[in-house]
Structure formats: structure tokens, C-alpha cells
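Take a look at the structure below.
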Amino acid sequence: MARAATCAFVLALAAPAAQAQGLPDPLTDLPGDASRGRAIVLDQPRSLCVLCHAGPFPEIAFQGNIGPDLSGVGDRLTLPELRLRLVDSRRVNPDTIMPPFHSVEGLVRVGTQWKDTTILTAQEVEDVAAFLASLKGPSE
Amino acid sequence: MIRCVTVLAIGLGTPAAAAGDRQSGYEIMGPELRAMQDDEAANPGMLWVTEGAALWVAPEGAANRSCASCHGDAAQSMAGVAARYPAWNEAGQGPIDLTGRIGLCRTRHQGAAALARDSRALVALAAFVTRQSDGLPIAPDPDPRLAATREKGKALFETRMGQLNLACADCHDDAAGGQLAAATIPQGHPTGYPQYRLQWEGMGGLHRRFENCMSGVRAEPFGAGSPEYIALEAFLMSRAAGLPVEAPAVRP
């Protein structure tokens with residue numbers, strides 16, 4: 001019962017943003033490079049991903065569990081859907097705690113050192129999206 | 001349907017802190033760190049407490065008076081004081097935290113030069129005064145003039161900030177108990193400050209902890225002693241009411 005209620009609620013939230021389920025157009029001319037993307041994802045201070053996510057990253061000793069395990073995420077989400085979640089997850093879930101990686105919209109009291117910059121560049125978003133799209137099949 | 005499964009999985013990964021289910025950061029530490037805090041001989045914070053005890057009886061400033069010359073035996077006069085701060089400062093007509101209060105005694109009552117908030121002497125004095133509340137339940141000052149400060153603190157706690165766009169509450173209410181890489185997210189109760197933090201390799205106050213969490217989300221910190229941090233502290237102490245003071249606490 002609780003499960004069904006949660007699902008209905010989540011789907012209802014997602015519905016109005018349906019047109020924004022994905023960003024089909026790449027942000028850069030240079031196609032994303034999955035191996036560069038992997039290096040970015042595994043670099044915790046740079047991308048923060050493994051702070052919150054686990055995944056098929058055997059070399060990372062401490063992986064977070066705040067977000068879902070990224071294993072097989074390429075089966076669950078398309079490249080445009082992945083790109084959108086990286087650019088700004090708030091466009092899928094307004095209450096998300098996943099940081100907006102390529103948007104400064106609505107941010108409050110950003111440290112001077114980071115003011116008006118995004119966590120990832122457009123090219124980094126493309127590289128990470130290409131890497132995530134390559135994560136197919138069950139966890140290694 | 002796929003999204004449903006994902007969301008349910010997240011729900012499992014982050015047990016939310018239910019009301020009345022409050023837990024000190026002590027509870028989520030490993031057995032070694034808990035033993036370090038519990039054993040006076042092994043607790044590095046005791047060094048600061050001992051230094052504070054010596055400063056308590058040392059005459060200072062133009063008045064050449066010690067804390068003890070006015071307050072007597074700290075075990076009597078200071079028992080429970082740290083457990084109810086921040087308090088209302090009549091002279092300044094505003095809220096004041098314990099460190100600020102001690103600083104005022106130093107300048108106004110001892111006639112001595114002000115100490116920096118994070119100076120070893122002021123941290124040691126605060127550690128010594130807080131030690132006199134060890135094990136006592138946090139009991140916020142009922143002065144109604146503090147209500148507005150607590151409300152401001154609550155609002156700040158719930159405001160998303162920084163490049164990561166996270167509110168204190170996102171982590172310490174909603175994701176408490178979850179793993180942020182190697183760190184288990186605590187509920188963020190200020191039960192043990194000043195504390196010996198391994199990452200600091202030293203003793204520091206609550207506002208220093210706030211600075212760490214704010215720079216963690218890449219927000220512009222408010223600064224130790226700022227009205228914002230005093231408001232956050234006043235709110236967090238009311239949120240932690242009844243939990244025992246840990247003096248000195250040890251944290252990773």
C-alpha cells in the first residue's frame with residue numbers, strides 16, 4: 001500500500017516535467033568520451049558523485065548511498081535523460097538533493113570562490129553522460 | 001515504473017530521523033572513537049579542559065582578577081551553564097553564545113585584551129566551563145526573547161545554500177544515517193562542543209564545525225560568532241533538548 005502510494009506520488013510529480021525528461025542535444029560539438037567520464041566520476045573532490053552514489057567502481061573504497069547505485073544506469077535511462085539529470089536534476093525532481101552540475105539558476109550564497117561557475121563544464125557533462133550510458137547490465 | 005523502483009531504493013538507503021528518535025553523533029561512531037571519548041586518560045580533549053582549569057584560577061588583565069575570584073568553584077557556579085546556552089545578554093540586548101559570554105567577562109570584568117574566538121585559551125576556557133555540564137541534559141534557556149533567534153536559526157537550517165544547493169536539513173534531517181562516502185551523516189546535534197575533532201587534530205567550537213559544513217556545500221560561510229551561527233546554534237540546542245552534554249566530545 002505504502003509502496004503504491006509512493007509510486008503514484010512520484011509519477012505525479014514527474015508528469016508536469018514530462019517535456020523535460022531529456023536533453024536530446026549535446027551541449028558541445030565534441031562527442032562525450034566515456035573513459036574521460038569515468039575518471040571524472042571517480043574523482044570525488046571534482047565531481048562529488050561517489051560521495052552520494054555507489055557503482056561499479058572497485059577502486060573506490062568508500063562509496064555513498066544517498067542516491068541510487070549507478071550500476072546498470074545505462075539500461076534504465078537514455079543519454080538525453082542522463083544529460084538532463086546531470087545538468088539540473090531539479091528539472092526532474094524539484095526536491096532533489098542531487099546538486100545541479102551545470103546550472104547556477106536559483107543558487108543562494110555561493111562561496112566567492114565558486115560564484116557563477118558550474119560544478120562541471122559542458123564537456124565534462126558530456127563525458128560523464130557518455131560514461132553513464134555505457135554502464136549496462138548487472139553490477140560487476 | 002522504473003523510476004518507482006529507483007525511488008524506493010533511495011528510501012531504503014536513507015533512513016530518515018523520525019521525531020523523538022534523536023541520536024548524538026557519538027552513537028554512530030566506531031567503538032575505538034567512543035572508547036577514546038569515554039576514557040579520560042585517552043581523550044585528547046582533556047588537555048584543553050586541564051588548561052582551562054588553570055586559566056580559571058589565573059589573575060588576568062587590568063583588574064588582575066581570575067574567573068574564580070568572581071565565580072568561585074566552577075563545579076558549583078558553572079554546572080548546567082553550557083547546557084542552556086545561547087542565552088540572552090542583557091548588556092548587549094541580544095543572544096550570546098558561551099564563547100562570546102566568556103570573552104565578555106574577559107574584556108569587561110577582567111579588563112584584559114580580547115581573545116580570538118579560536119584562540120587556544122578561549123577554547124580551553126570554554127572546554128573547562130562546558131565540562132561542568134558533562135552528562136547533564138541540554139536545557140535551552142526559556143527566556144522568550146530567544147524565540148525569534150531560534151526561528152531564524154530554523155529557517156537558516158532549512159535554506160538551501162551554496163553551489164551544491166543543499167540545506168543543513170537535507171543532510172541532517174532527511175539523509176541522517178546515510179553514507180556520504182566514508183562519513184555516516186549524523187543528525188547534527190551540538191551535544192559536544194568544543195570538541196576534539198580528529199580531522200582538525202585539535203579542539204574547536206561549534207561555529208568551526210558550521211564553517212566546515214558550509215564550505216562542504218561550497219557556500220559562503222557566515223563566520224564564527226556571527227548572528228547567523230548563534231541563531232543556528234540556538235535552534236540546534238532546542239532541537240537537541242534533553243540529550244546529554246558530552247564534554248569533551250571526540251568526533252572523526
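The values are calculated or read from the model by the stated rules, or taken from the named source; none is laboratory data. On a predicted model such as this, the values are computed, not experimentally measured, just so you know. We place every Cβ from the backbone using ideal geometry, glycine too, and count neighbours over all the protein chains shown. Please note that ligands, DNA and RNA were not included when accessible areas were found on the heavy atoms of the full protein model with its side chains. Shrake-Rupley method; radii C 1.70, N 1.55, O 1.52, S 1.80 Å.
Points to keep in mind about this one:
- Sequence of B:L98, A:L30, B:L180 when ordered by accessible area, the most exposed leading, probe 1.4 angstrom: A:L30, B:L180, B:L98
- Cα gyration tensor category, rounded, prolate or oblate, for region B:46-131 with a/c compared to 1.5: rounded
- Measuring nothing but protein heavy atoms, the accessible surface of region B:46-131 at 1.4 Å probe radius is 57 percent carbon and sulfur.
- Largest mean-square fluctuation among B:E90, B:E158, B:E40, in a Gaussian network model of chain B whose springs join Cα atoms under 10 Å apart, belongs to B:E90.
- Accessible area per residue in Å² at 1.4 Å probe, computed on the protein assembly as shown: 47
- Karplus-derived HN-Hα couplings along region B:56-61 (A = 6.51, B = -1.76, C = 1.60, θ = phi - 60°), whole Hz, x at Gly and Pro: 4, 9, 8, x, 9, x
- Amide H to amide H, with H built 1.01 Å from N, B:A219 comes under 5 Å of A:G111, B:Q163, counting only residues 5 or more places away or on other chains.
- Count Lys and Arg as plus one, Asp and Glu as minus one, and take only other residues whose Cβ is under 13 Å from that of A:P31; the net charge is then -3.
- Residues of region B:216-234 whose accessible area, computed with a 1.4 Å probe over protein heavy atoms, drops by at least 20 Å² once all protein chains are present relative to their chain alone are B:R218, B:E220, B:F222.
- Burial order of peptide ranges B:224-237, B:165-178, A:32-45, B:60-73 (average beta-carbon count within 10 Å, highest first): B:224-237, B:165-178, A:32-45, B:60-73
- Buried accessible surface for the B/A chain pair comes to about 3000 Å², total over both chains, computed with a 1.4 Å probe.
- Between region B:121-146 and region B:205-231, the Cα center-to-center distance that results, in Å: 19
- B:D21 paired with A:F62, simple spin-label distance in nm, labels 7 Å along Cα-to-beta-carbon: 2.4
- Only helices enter this figure: runs of n ≥ 4 DSSP H residues, each worth -39500 (n - 2.57), summed and divided by the residues of the protein assembly as shown, yield -11000 deg cm²/dmol at 222 nm to the nearest 500.
- Nonlocal amide H pairs with B:L166, under 5 Å, H built at 1.01 Å: B:M161
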